[in-house]
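A short worksheet on the structure shown next.
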Amino acid sequence: MRHLVLLTTFVFILSVASAGAVFAQSTFDLSISLPLTGKTAKFGEMQKKSYEMAAQEINAKGGVKGKKINLTFEDSGGKPEVARSIAEKMVDVKKQPIMVGEYTSACAKAVAAVAEERKTPYLVVASADDDITQKNYKYVFRLNPVSAHYDDALLAFIKDVVKPKSMAIIYESSPFGTAGSRNMVKEVEKAGIKVLVNEKYEAGAVDFKPILSKVKGANPDVIYMVSYVMDAALLMKQIKELRIDSRLFAGGAAGFDIPEFVENAKDAADYVVTSTLWTPQLNFKGSKDYANKFKSKYGEFPSYHGAAAYSAMYVVKDALERAKSWRQDDIRDALKATNMETAFGPVKFEDREGYQNQNFSDTYVRQVIKGHHQTVYPQNYANAKFIYPIPKWRERK
Amino acid sequence: MLVQLEVFLQTLIAGILLGGLYALIGLGMTLIMGVMKIINLAHGELMMVSMYIAFTLFTYFNIDPYLSVFIAAPLLFLLGVAMQKYLINPVLKVDSILPENQVILTVGVGMVLANIATLIFTSDYKSTPVPYATTALYLSDIWKDSPIELSFSLPWIVSFVIAIIITIGLWFFLSRTDTGKSIRATAQDLDAALLMGVNVKLMRVVTFGIGSALVGAAGCLFIPMYYLYPSLGGQFTLIAFVITILGGLGSTVGAIIGGLILGIFESMTATYLGMGWAPVGRFVIFVAALIFLPGGVASLLKRQRLGK
């Protein structure tokens, strides 16, 4: 009797397992690791929504080679050690042939190491640290530009339009802020622009007025800042209070590039320009559809983080369709041969300037005009004319 | 030369305004320190709670943060009273291996508060975008031909003035009312106060309430020009702690002077050394105060009085 029970259970388990296997064959399971809690959760949340949106669209059109994409998400909390163990689970346990995702550079580095070790292709979506694609990794691909190129368009704008003689730089003492400042100093000094003040601050500072009065005393033509949201707003508010009349206020993406910046800084945000990797006003295939769909569903336009995630899904789909088989190496070769246009812009993974498998997409400049971010530079992408020279504080309103 | 003068004066103004608010944060801690002989390490978290109260009132009921001082401070008073009565007093009675386990208790309370705030409000940054946030008064508006331009931010000035009014009110309360005198008596000599018929237990509860209310008021004064997130408390606990040490443990006048010194010192380091140095400066002051002025500013004041 006891044997019979055991046997039936065993048979039952077997049949369930095989049913599961049959079911799995009609879908393509893809786990994505993201920060859904912690400080960077806001970006992870936006990316999750964008991945889902793209997967739904793909599934509605018949999926990948007839298989529906079945997305699941794992929360890394922005912690590299957690991201690493998630990646190991994906490859070793779930036998997933491709990995996508993560947000912070630290986490992406952890996942990239696993990917290279286990020879599984990994597509980095929004992590900017230069050296992720500088390590001669064969299996790591990156969709977003590297941080050294974040300010390309902004630099061109500064050199061509503003033509300043001097600059002040204020940046957050994080890897992102430090890298931003270092690149900027290197580039402007090449152009003969003098850096008068180059100061870092600890995130969460209450009062920027002392440092800003020093900047005011130095009287630079351009003030360039790299900050997170709230610091960005505080900086511009206090610049307004002190009436520092530089010819241009420029931000390096991140905190200056999201709607919360204008919400918090209000009129002090006017005429501020910022670097960005993507804007809802761009004219790539599917950009506007994505932006509008996201807005009607979630109430606000996505930032480049979302667009990159949305496009990454299509890049994966494209690679899976072209791959000879869905084994890791074949998918890797297919990814390497990618040449397509996405909502994020054209995607092609190149080896140059010391980077491997890096997509070099354009960056853009946005300016806050009448309380909204408008794309103003380079001119072929612009949807509004930039406003320069900007009015002095005393003359505003 | 004029430019240098302008930079210096503007920095000094920023330092004094910041110092006034620091003083208010420090006052609450020093008061509790004086009476209870413990450092309340949940001080910054109490401030965070009051900031969330002000934020909620502003966002959902459109109440100005300055008005919510009158709502948040009493609420924080009650919170402080409850903390003292139901958490700290029972712990005081228990014998333990650690002599200062009430201090450890306050750390725990701080963590609980921060995590509750994360649960309710998520870890996102919040702010109260008030319409007058960037309004400022300018020297050149008053004095037309002024060779230098100085700006006085309206919300900073208003916060500073309210902080001063609260401080004067506290001084009045402590020196002129019976309850205030009882509190001071408890702080000076607990046993003597007990023998003189002071209800020491009640005074402890009241003091903790007042200390919390003070930092609650400080939270409301801070939020128009700052922002908030659940883990913001630690930073301000630290500032209050430095001020308490600098001012002399338990001295109210010391805390006010300590707050001003810290505010001005931080602003000066930011201008003349670099903003990254401000936190370093804070600890240099802290260590210097412990080594060279163990009694804090209060001991200087006392020495002078004895000299007369």
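Can you name every residue in the stretch A:211-233 that is surrounded by fewer than 24 Cβ atoms within 10 Å (Cβ to Cβ), touching a residue at least 24 places away in the same chain (Cβ under 8 Å) and of a type in the set (D, E, K, R)?
Answer for the stretch A:211-233, where residues must be surrounded by fewer than 24 Cβ atoms within 10 Å (Cβ to Cβ), touching a residue at least 24 places away in the same chain (Cβ under 8 Å) and of a type in the set (D, E, K, R): just A:D221.
Just to be sure I understand, how many residues within the stretch A:206-227 are within 28 Å of the chain's Cα centre (by Cα), over 12 Å from B:M275 (Cα atoms) and within 13 Å of chain B (Cβ to nearest Cβ)?
Counting residues in the stretch A:206-227 that are within 28 Å of the chain's Cα centre (by Cα), over 12 Å from B:M275 (Cα atoms) and within 13 Å of chain B (Cβ to nearest Cβ) gives 2.
Restrict the check to the stretch B:121-129 and report whether at least one residue is farther than 18 Å from A:A41 by Cα and either in contact with a Lys or Arg (Cβ under 8 Å, 6 or more places away or on another chain) or in a helix (DSSP H, G or I) (or both).
Yes, the stretch B:121-129 contains at least one residue that is farther than 18 Å from A:A41 by Cα and either in contact with a Lys or Arg (Cβ under 8 Å, 6 or more places away or on another chain) or in a helix (DSSP H, G or I) (or both).
For the list (1) within 30 Å of A:V315 (Cα to Cα); (2) of a type in the set (A, V, I, L, M); (3) touching a Ser or Thr at 6+ places or on another chain (Cβ under 8 Å); (4) free of Cβ contacts under 8 Å to residues at least 40 places away in the same chain, I need the number of the one condition that A:A153 fails.
That leaves (4) as the condition not met.
Does any residue in the stretch A:370-397 that is basic (K, R) come within less than 6 Å, Cβ to Cβ, of a residue that is in a loop (DSSP other than H, G, I, E, B) six or more places away or on a different chain, and which pairs are these?
A:K392/A:D245
For B:I285, indicate whether it is of a type in the set (V, I, T), buried (at least 22 other Cβ atoms within 10 Å of the Cβ) and more than 14 Å from chain A (Cβ to nearest Cβ).
no
Output the number of the condition that A:L143 fails; it satisfies all remaining conditions of (1) away from chain B (no Cβ under 14 Å); (2) in contact with a Phe, Trp or Tyr (Cβ under 6 Å, 6 or more places away or on another chain); (3) among the hydrophobic types (A, V, I, L, M, F, W, C).
(2)
Taking A:K348 and the conditions (1) basic (K, R); (2) over 22 Å from the mean Cα position of the chain (by Cα); (3) modelled with pLDDT of 90 or more, which numbered condition does it fall short on, given that it satisfies the others?
Result: A:K348 fails condition (2) only.
Assess whether A:F256 counts as being under 25 Å from A:W278 (Cβ atoms), hydrophobic (A, V, I, L, M, F, W, C), assigned by TED's automatic domain parsing to the domain that holds A:I390 and surrounded by 22 or more Cβ atoms within 10 Å (Cβ to Cβ).
The answer is yes for A:F256.
List pairs: first residue in the stretch B:132-150 and more than 10 Å from chain A (Cβ to nearest Cβ), second residue assigned to a loop (DSSP other than H, G, I, E, B) and of a type in the set (S, T, N, Q) anywhere in the structure, Cβ distance under 8 angstrom, at least six positions apart or on different chains.
Listed by first residue and then by second, the contacts come to B:L139/B:S146.
Can you pull out the residues in the stretch B:227-243 that are more than 9 Å from the chain's Cα centre (by Cα) and small (G, A, S)?
B:S231, B:G233, B:G234
Count, please, the residues in the stretch B:72-96 that happen to be of a type in the set (D, E) and in contact with a Cys (Cβ under 8 Å, 6 or more places away or on another chain).
So the count comes out to 0.
Any chance you could count how many residues in the stretch A:37-56 are outside any helix (DSSP H, G or I) and either more than 14 Å from chain B (Cβ to nearest Cβ) or within 13 Å of the chain's Cα centre (by Cα) (or both)?
Matching residues across the stretch A:37-56 total 1.
In the stretch B:149-199, which residue that is among the small types (G, A, S) and within 22 Å of B:P131 (Cα to Cα) is nearest to the chain's Cα centre (by Cα)?
So, considering only residues that are among the small types (G, A, S) and within 22 Å of B:P131 (Cα to Cα), the one nearest to the chain's Cα centre (by Cα) is B:A163.
Which numbered condition trips up A:Y298, out of (1) surrounded by fewer than 21 Cβ atoms within 10 Å (Cβ to Cβ); (2) not assigned by TED's automatic domain parsing to the domain that holds A:I58?
Against the list (1) surrounded by fewer than 21 Cβ atoms within 10 Å (Cβ to Cβ); (2) not assigned by TED's automatic domain parsing to the domain that holds A:I58, A:Y298 comes up short only on (2).
Condition first: in contact with a Lys or Arg (Cβ under 6 Å, 6 or more places away or on another chain) and within 14 Å of chain B (Cβ to nearest Cβ). Now tell me which residues in the stretch A:243-281 satisfy that.
A:I244, A:D245, A:A265, A:A268
List the helices (runs of 4 or more DSSP H) inside the stretch B:152-201, counting only whole elements, that have at least 2 residues being charged (D, E, K, R) and at pLDDT 90 or above.
Answer list for the stretch B:152-201: B:178-188.
Tally time: how many residues in the stretch B:111-147 are β-branched (V, I, T) and surrounded by 16 or more Cβ atoms within 10 Å (Cβ to Cβ)?
Number of matching residues: 3.
Residue by residue, here is whether (1) out of contact with any Gly (no Cβ under 6 Å at 6 or more places or on another chain); (2) farther than 30 Å from A:M230 by Cα holds:
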residue	(1), (2)
B:A73	no, no
B:L87	yes, yes
B:N101	yes, yes
B:L105	yes, yes
B:V112	yes, no
B:N115	yes, no
B:L119	yes, no
B:P131	yes, no
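Within the stretch A:162-205, take every residue that is among the aromatic types (F, W, Y) and within 22 Å of the chain's Cα centre (by Cα) and give me the one that is surrounded by the fewest Cβ atoms within 10 Å (Cβ to Cβ).
For the stretch A:162-205, the residue satisfying everything is A:F176.
What tally of residues in the stretch A:57-106 results from selecting those that are surrounded by fewer than 18 Cβ atoms within 10 Å (Cβ to Cβ), over 23 Å from the mean Cα position of the chain (by Cα) and β-branched (V, I, T)?
1
Only one residue in B:L232, B:L260, B:L228, B:L300 is touching a helix residue (DSSP H, G or I) at 6+ places or on another chain (Cβ under 8 Å) and farther than 30 Å from B:T59 by Cβ, so which one is that?
B:L260
Got at least one residue in the stretch A:112-120 being surrounded by fewer than 24 Cβ atoms within 10 Å (Cβ to Cβ), within 14 Å of chain B (Cβ to nearest Cβ) and β-branched (V, I, T)?
no
Quick check on the stretch A:306-328. Is at least one of its residues in contact with an Asp or Glu (Cβ under 8 Å, 6 or more places away or on another chain) and touching a residue at least 40 places away in the same chain (Cβ under 8 Å)?
No.
Collect the residues in the stretch A:72-109 that are touching an Asp or Glu at 6+ places or on another chain (Cβ under 6 Å) and closer than 14 Å to A:A312 by Cβ, keeping them in residue-number order.
Answer for the stretch A:72-109, where residues must be touching an Asp or Glu at 6+ places or on another chain (Cβ under 6 Å) and closer than 14 Å to A:A312 by Cβ: just A:A108.
When the residues of the stretch B:66-84 are filtered to those that are of a type in the set (F, W, Y) and in a helix (DSSP H, G or I), which remaining residue is nearest to B:M36 (Cα to Cα)?
Here the answer is B:F77.
If I ask for residues that are of a type outside the set (K, R), farther than 17 Å from A:L277 by Cα and free of Cβ contacts under 8 Å to residues at least 60 places away in the same chain, which ones from the stretch A:339-369 would you list?
Hits for the stretch A:339-369 are A:N339, A:M340, A:E350, A:D351, A:E353.
The values are calculated or read from the model by the stated rules, or taken from the named source; none is laboratory data. These numbers come from a predicted model, not from an experiment. As a convention, Cβ positions derive from the backbone with ideal geometry for all residues, glycine included, and neighbour counts pool all protein chains shown.
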